[in-house]
Amino acid sequence: MKFDIEYVEKLAKVLTDNSLTEISMEDGEQAITLRKDVIGVAAAPVAQPLSAQPATAAEPAKRGKALISPMVGTFYSAPSPDAEPFVKVGQTVKEGDVVCIVEAMKLMNEIESEFAGKITEICVSDGQPVEFGQVLMYVE
(Lines give C-alpha, C1' and ligand atoms only; values in the text may rest on other atoms or scores of the structure.)
Protein backbone atom coordinates (compact mmCIF):
# COMPACT_ATOMS: atom_id res chain seq x y z
CA MET A 1 0.00 0.00 0.00
CA LYS A 2 1.39 3.41 -0.95
CA PHE A 3 0.32 6.47 1.05
CA ASP A 4 -0.29 8.98 -1.74
CA ILE A 5 -1.83 12.41 -1.07
CA GLU A 6 -5.33 11.33 -2.18
CA TYR A 7 -5.27 8.45 0.31
CA VAL A 8 -4.12 10.78 3.09
CA GLU A 9 -6.89 13.26 2.19
CA LYS A 10 -9.47 10.44 2.36
CA LEU A 11 -8.18 9.44 5.81
CA ALA A 12 -8.41 13.09 6.90
CA LYS A 13 -12.04 13.20 5.70
CA VAL A 14 -12.83 10.02 7.69
CA LEU A 15 -11.21 11.66 10.71
CA THR A 16 -13.40 14.77 10.34
CA ASP A 17 -16.65 13.08 9.31
CA ASN A 18 -16.56 10.70 12.27
CA SER A 19 -15.39 13.21 14.92
CA LEU A 20 -12.23 11.19 15.53
CA THR A 21 -9.06 12.64 17.00
CA GLU A 22 -6.59 10.14 15.56
CA ILE A 23 -6.23 7.50 12.83
CA SER A 24 -3.23 5.18 12.51
CA MET A 25 -2.48 2.84 9.61
CA GLU A 26 0.42 0.43 9.20
CA ASP A 27 1.38 -1.70 6.22
CA GLY A 28 4.66 -3.54 6.51
CA GLU A 29 7.39 -0.89 6.51
CA GLN A 30 5.03 2.07 6.09
CA ALA A 31 2.97 3.70 8.80
CA ILE A 32 0.90 6.88 9.01
CA THR A 33 -0.84 8.61 11.88
CA LEU A 34 -3.24 11.52 11.44
CA ARG A 35 -4.06 13.40 14.60
CA LYS A 36 -6.32 16.40 15.18
CA ASP A 37 -4.56 19.14 17.07
CA VAL A 38 -6.84 20.32 19.87
CA ILE A 39 -5.39 23.83 19.59
CA GLY A 40 -6.15 23.97 15.83
CA VAL A 41 -9.74 22.84 16.44
CA ALA A 42 -10.23 25.51 19.12
CA ALA A 43 -8.86 28.24 16.85
CA ALA A 44 -11.56 27.91 14.18
CA PRO A 45 -14.57 28.65 16.43
CA VAL A 46 -12.78 31.69 17.85
CA ALA A 47 -12.28 33.16 14.38
CA GLN A 48 -15.90 32.73 13.30
CA PRO A 49 -17.58 34.77 16.06
CA LEU A 50 -15.07 37.61 15.58
CA SER A 51 -15.88 37.92 11.88
CA ALA A 52 -19.63 37.67 12.54
CA GLN A 53 -19.66 40.46 15.17
CA PRO A 54 -18.88 43.66 13.22
CA ALA A 55 -22.04 44.21 11.16
CA THR A 56 -25.17 42.34 10.26
CA ALA A 57 -24.46 43.09 6.58
CA ALA A 58 -21.53 40.66 6.76
CA GLU A 59 -23.71 37.83 8.05
CA PRO A 60 -25.57 37.04 4.78
CA ALA A 61 -22.19 36.36 3.11
CA LYS A 62 -21.68 33.52 5.61
CA ARG A 63 -24.67 31.62 4.27
CA GLY A 64 -23.98 28.52 2.32
CA LYS A 65 -21.83 25.48 2.71
CA ALA A 66 -18.29 25.75 4.04
CA LEU A 67 -15.34 24.51 1.99
CA ILE A 68 -12.79 23.44 4.57
CA SER A 69 -9.08 22.81 4.39
CA PRO A 70 -8.31 19.08 4.37
CA MET A 71 -4.81 19.74 5.71
CA VAL A 72 -2.47 22.16 7.43
CA GLY A 73 -0.60 24.34 4.96
CA THR A 74 -0.46 27.67 3.15
CA PHE A 75 -3.46 28.99 1.17
CA TYR A 76 -2.96 30.21 -2.38
CA SER A 77 -5.80 31.65 -4.44
CA ALA A 78 -3.99 31.27 -7.79
CA PRO A 79 -1.65 28.75 -9.43
CA SER A 80 1.18 31.34 -9.49
CA PRO A 81 1.73 34.86 -8.13
CA ASP A 82 1.05 36.54 -11.50
CA ALA A 83 -1.98 34.40 -12.44
CA GLU A 84 -5.66 35.14 -11.92
CA PRO A 85 -7.26 33.56 -8.83
CA PHE A 86 -9.07 30.25 -9.32
CA VAL A 87 -12.29 31.82 -8.00
CA LYS A 88 -13.66 35.18 -6.91
CA VAL A 89 -16.62 36.15 -4.73
CA GLY A 90 -19.78 35.94 -6.83
CA GLN A 91 -18.36 33.35 -9.22
CA THR A 92 -20.30 30.14 -9.83
CA VAL A 93 -18.46 26.84 -9.42
CA LYS A 94 -19.31 23.25 -10.19
CA GLU A 95 -18.57 20.24 -8.03
CA GLY A 96 -14.95 19.24 -8.70
CA ASP A 97 -13.78 22.70 -9.83
CA VAL A 98 -10.40 23.71 -8.39
CA VAL A 99 -10.99 26.66 -6.04
CA CYS A 100 -7.53 27.13 -4.46
CA ILE A 101 -4.25 25.48 -3.55
CA VAL A 102 -3.03 24.46 -0.10
CA GLU A 103 0.72 23.96 -0.03
CA ALA A 104 1.80 21.32 2.46
CA MET A 105 5.37 20.04 2.76
CA LYS A 106 6.37 21.62 -0.57
CA LEU A 107 3.46 19.90 -2.36
CA MET A 108 0.85 22.05 -4.11
CA ASN A 109 -2.52 20.41 -3.38
CA GLU A 110 -5.40 21.55 -5.55
CA ILE A 111 -8.55 21.92 -3.46
CA GLU A 112 -11.74 21.12 -5.35
CA SER A 113 -15.25 22.28 -4.56
CA GLU A 114 -17.32 19.54 -2.97
CA PHE A 115 -20.55 21.06 -4.30
CA ALA A 116 -21.88 23.44 -6.95
CA GLY A 117 -22.95 27.00 -6.23
CA LYS A 118 -21.84 30.61 -5.98
CA ILE A 119 -18.80 31.71 -3.95
CA THR A 120 -20.21 34.02 -1.26
CA GLU A 121 -17.07 34.61 0.80
CA ILE A 122 -13.37 33.79 0.73
CA CYS A 123 -12.27 33.58 4.36
CA VAL A 124 -8.47 33.51 4.04
CA SER A 125 -5.90 35.72 2.36
CA ASP A 126 -3.37 34.62 -0.21
CA GLY A 127 -0.26 33.21 1.48
CA GLN A 128 -2.01 32.81 4.84
CA PRO A 129 -1.35 29.65 6.90
CA VAL A 130 -4.43 27.44 7.31
CA GLU A 131 -5.28 24.70 9.77
CA PHE A 132 -6.86 21.31 9.12
CA GLY A 133 -10.64 21.84 9.18
CA GLN A 134 -10.45 25.64 8.79
CA VAL A 135 -13.10 27.25 6.57
CA LEU A 136 -11.52 28.46 3.34
CA MET A 137 -14.66 29.81 1.67
CA TYR A 138 -18.43 29.56 1.55
CA VAL A 139 -20.51 28.40 -1.40
CA GLU A 140 -24.24 29.05 -1.60
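The values are calculated or read from the model by the stated rules, or taken from the named source; none is laboratory data. Nothing here was measured: the structure is a model prediction, and the numbers come from that model. Backbone-built Cβ (ideal geometry, glycine too); neighbour counts: all protein chains shown.
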Starting from region 97-117, take each residue that is without any contact (Cβ under 8 Å) to a residue 40 or more places away in the chain and farther than 16 Å from K10 by Cα and list its partners that are outside any loop (DSSP other than H, G, I, E, B) and among the charged types (D, E, K, R), counting only C-beta distances under 9 angstrom and pairs at least six apart or across chains. D97/E112; V98/E110; V98/E112; V99/E110; V99/E112; C100/E110; I101/E110
Odd one out for G64 among (1) surrounded by 13 or more Cβ atoms within 10 Å (Cβ to Cβ); (2) at negative phi; (3) at pLDDT below 90: (2)
Got a sec? Which of E103, E84, E110 is modelled with pLDDT under 95 and over 23 Å from Y7 (Cα atoms)? E84
When every residue in region 111-140 that is charged (D, E, K, R) and within 10 Å of the chain's Cα centre (by Cα) is compared, the one nearest to E95 (Cα to Cα) is E112
Taking region 113-136 and the residues there that are farther than 19 Å from M71 by Cβ and assigned to a loop (DSSP other than H, G, I, E, B), the one that is modelled with the highest pLDDT would be A116
